[in-house]
Structures are given as C-alpha cells and as structure tokens.
Amino acid sequence: MMEKTDIKSLDFLALQAEIERIGEKKFRAKQMYEWMHKHLVRSFDEMTNLSAAFREKCKNEYEFTALTLLREQESKIDGTKKFLFQLADGNVVESVWMKYKHGNSVCISSQVGCRMGCKFCASTIGGLVRNLKPSEMLDQIYAITRLTGERVSNVVVMGTGEPLDNYDNLLVFIRMLTDENGLHISQRNITVSTCGLVPKMYALAEERLQITLALSLHATTDEKRQKLMPIANKYSIDELMPACKNYADLTGRRITFEYSMVKGVNDSQEDLRELTELARPLGCHVNLIPVNPIKERDFVAPDMQYVYSFKEKLEKNKVKVTVRREMGRDIDGACGQLRRRHMEE
C-alpha cells in the first residue's frame, strides 16, 4: 500500500503543482486551499463548488487530516478551554484556547510526546512517539476555531513537544498559517518555544521570520539547568546566549526567556542577579512562570507575593518582565497533563 499524500500539509505552491500533476486546472488549487485553510472544511464532500467526480478522485488520491475531539474541559476560573484531540493513527494531542483582552490565543502541540526530558513537564514522561505533520498542527487551530466559533488571533507553539525537533514541518506550518490564502495570521502573532536546540536556533534565524522565539531557560547556570533539563548537557549557556543574540540581530525580534520558578531551586537572590546578567544585554523579555505542580514530580511554586517581589527586582535592574497569568489550573492546565491522564485511564 502506497501512503497517500496528506493534502492538507501541502502549501499553496505545492498544492498547485499537485493539482496540475493529476491533470486538473491550476485554479482548482486556490479553491481547494481556501476550502481547507479559510473555510476550515473537514472533508472533500464539503467543497461544494468542486465537481462530484473531482471530489471522488481526491478521496482516492489523498489523505484528509481532520482531528477528532475526544475531550473538552472549560475552566470555571477564567474560561480557558483545553482540548484533547485524536489523530488518524489513534495517538492523542492536546491544545489550549485562552481568551485575552487583545484576542484569542491557541497553544498547540508540535509532537506526540517529547524526548527532551525536562523535569517539570508532564509532556515528556512517556518519551517521543512521533512528529506532527503540518496539517495536524494546523488542524488543532482549525478545530478550535470551529468549536468555539471565534477567530484565533495568536498562536503559541508551546504545547507538547519541542517545536525545533520537528523543524521542517514547523516551517511549513508557519508559512501556511500566515499565507494570505489561508487564516493569514501575522507572523508577529506567532510564538515558538524551544528548550535550546542551538543549531536549529541558528537555522531559524536565517529564515528571517518575524515570529517570537521563546527560550525555555528556567535556570541561570549550566549546573542548575542540567538538573532540570537534559538538553543543557548538550548545549551550555555560553552557546545559548550567542544563538539568542544572533536570532535577535538577524530578525530584529526580541527574544523571550521562559523561566519556570521552582521554590528553593531557581528562585534565590543569586538566581535573580544571574538572570539579570543574561537578559539585560540581549534586551530580552522575561516571562516568570510559577511552576505548575504535576503529580509525578515534587516541585512547588514559590508563593505569589515572592514571585512579584522577584519581578519588581528584575524591573529595577532594567529587565522587561511579566508574570504568566495562570490559565486553567483547574483543568490540567500544564502541558501534557490532560494527555497523560487520558493515557493512564
């Protein structure tokens, strides 16, 4: 059995080439692309201005990605929604929808599982199963748009998985999401996180995209970072910081440092001083995240009063800083928790 082409993972030019290859007129590609990526249809049958014969031909020729909703949870605290979706092969991924004053944000997964092994994250406990295809990343956004009936204005690739470990598919996904023939979300409204895959950070900078790159820093010395994040054994802070500077220089975009605060681990006054020394020269934005408790680990967050005093001291040191607003703690808000629970059940 030959594997069918995943038609929803083809960008606009690739789709045009494909439609011509099967002997159809080029304008059909624009019609199809808009059905899939603007009108967000879930099957060829919904493409009503295409002939029945052509739709049948497509069904035989192509795979059409449409995720199945397994579970939806809504936070009673802030209206955040968490979705568990099933992929065609039975694997599951999770996504989060968050309502902010400035618009709706969706946080999507880029892999099934993760192989990075960060100690405070539930996503990585079962290891990496596989990469998501561009269509599977896009369809998390499309499904949520259909389910909520609201436009998504910001996309964060920060759910399960290390996005730069799925580099080629990530680039196709970004191009398709920002294409004027599709949802046409601005690159500036896309954030991609990484735990620090240095070679891929250099490669991404060369693409000159206008997305925000968020580095999961979480500790200010190699020794501390290695205890929390296995990737730190491969790439040191002395390698990470030039990669961050290079990204900022080539793209003109300010880097964000994600910093999960763990009580007694990375929240001392010395940590504060070292964080200032890393962030200030780069003009970074620091996002403080009181760590989400997960039952497999015994990490706890410092109390909020302490987090805010930490923030104020950073600001006094001329570092731009925010505290991540807690969204959906009552619905397994942290990355990987819902998928993990589903697998256990």
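The values are calculated or read from the model by the stated rules, or taken from the named source; none is laboratory data. As the structure is a prediction and not an experimental result, all values here were calculated from the model. No Cβ is skipped: glycine too gets one built from the backbone with ideal geometry, and neighbour counts run over all protein chains shown.
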Looking only at region 244-261, decide whether some residue is touching a strand residue (DSSP E or B) at 6+ places or on another chain (Cβ under 9 Å), more than 22 Å from Cys121 (Cβ to Cβ), in contact (Cβ under 8 Å) with a residue 12 or more places away in the chain and of a type in the set (Ser, Thr, Tyr).
yes
Flag for Arg280 being without any contact (Cβ under 8 Å) to a residue 60 or more places away in the chain, under 23 Å from Thr191 (Cα atoms) and of a type outside the set (S, T, N, Q)
yes
Name the residues in region 225-256 that are closer than 13 Å to Ala214 by Cβ, among the charged types (D, E, K, R) and out of contact with any Gly (no Cβ under 9 Å at 6 or more places or on another chain), would you?
Arg253
One residue is enough: does region 117-136 have a residue meeting the conditions modelled with pLDDT of 95 or more, of a type in the set (A, V, I, L, M, F, W, C), in contact with a helix residue (DSSP H, G or I) (Cβ under 8 Å, 6 or more places away or on another chain) and assigned by TED's automatic domain parsing to the domain that holds Ala214?
yes
When you go through Asp298, Asp267, Asp303 one by one, which is the residue that is modelled with pLDDT under 85 and over 24 Å from Ser109 (Cα atoms)?
Asp298
Which numbered condition trips up Leu217, out of (1) free of Cβ contacts under 8 Å to residues at least 60 places away in the same chain; (2) under 18 Å from the mean Cα position of the chain (by Cα); (3) under 21 Å from Phe299 (Cβ atoms)?
(1)
Within region 211-252, can you find the residues that are within 14 Å of Thr194 (Cβ to Cβ) and in a loop (DSSP other than H, G, I, E, B)?
Ile211, Leu217, His218, Met229, Lys234, Tyr235
Limited to region 72-84, what total is found for residues that are surrounded by 15 or more Cβ atoms within 10 Å (Cβ to Cβ) and basic (Lys, Arg)?
2
Read through the list (1) at pLDDT below 95; (2) in a loop (DSSP other than H, G, I, E, B), then give the number of the only condition that Val152 fails.
(1)
Considering region 88-111 alone, what residues qualify as being part of a loop (DSSP other than H, G, I, E, B), among the aliphatic types (A, V, I, L, M) and either at positive phi or crowded, with 24+ Cβ neighbours inside 10 Å (or both)?
none
Would you please name the residue that is nearest to Thr160 (Cα to Cα), looking only at residues in region 73-87 that are in a strand (DSSP E or B) and free of Cβ contacts under 8 Å to residues at least 60 places away in the same chain?
Phe85
Where residues in region 112-149 are outside any helix (DSSP H, G or I) and under 14 Å from the mean Cα position of the chain (by Cα), which of them is surrounded by the most Cβ atoms within 10 Å (Cβ to Cβ)?
Leu132
Scan region 49-69 residue by residue and report those that are under 20 Å from the mean Cα position of the chain (by Cα) and in a strand (DSSP E or B).
Thr68, Leu69
Per the filter on region 20-48, residues over 17 Å from Ala143 (Cβ atoms), out of contact with any Phe, Trp or Tyr (no Cβ under 6 Å at 6 or more places or on another chain) and assigned to a loop (DSSP other than H, G, I, E, B) are Ile22, Gly23, Glu24, Lys25, Lys26, Thr48
Just to verify a result, which residue in region 225-236, among those that are crowded, with 18+ Cβ neighbours inside 10 Å and of a type outside the set (Phe, Trp, Tyr), is farthest from Val265 (Cα to Cα)?
Ile231
Across region 159-186, what is the number of residues that are part of a helix (DSSP H, G or I) and acidic (Asp, Glu)?
2
Condition test on Ala14, is it surrounded by fewer than 18 Cβ atoms within 10 Å (Cβ to Cβ), under 28 Å from the mean Cα position of the chain (by Cα) and in a helix (DSSP H, G or I)?
yes
Which of the residues spanning region 179-203 are within 24 Å of Asp6 (Cβ to Cβ) and more than 15 Å from the chain's Cα centre (by Cα)?
Asp179, Glu180, Asn181, Gly182, Leu183, His184, Lys200, Ala203
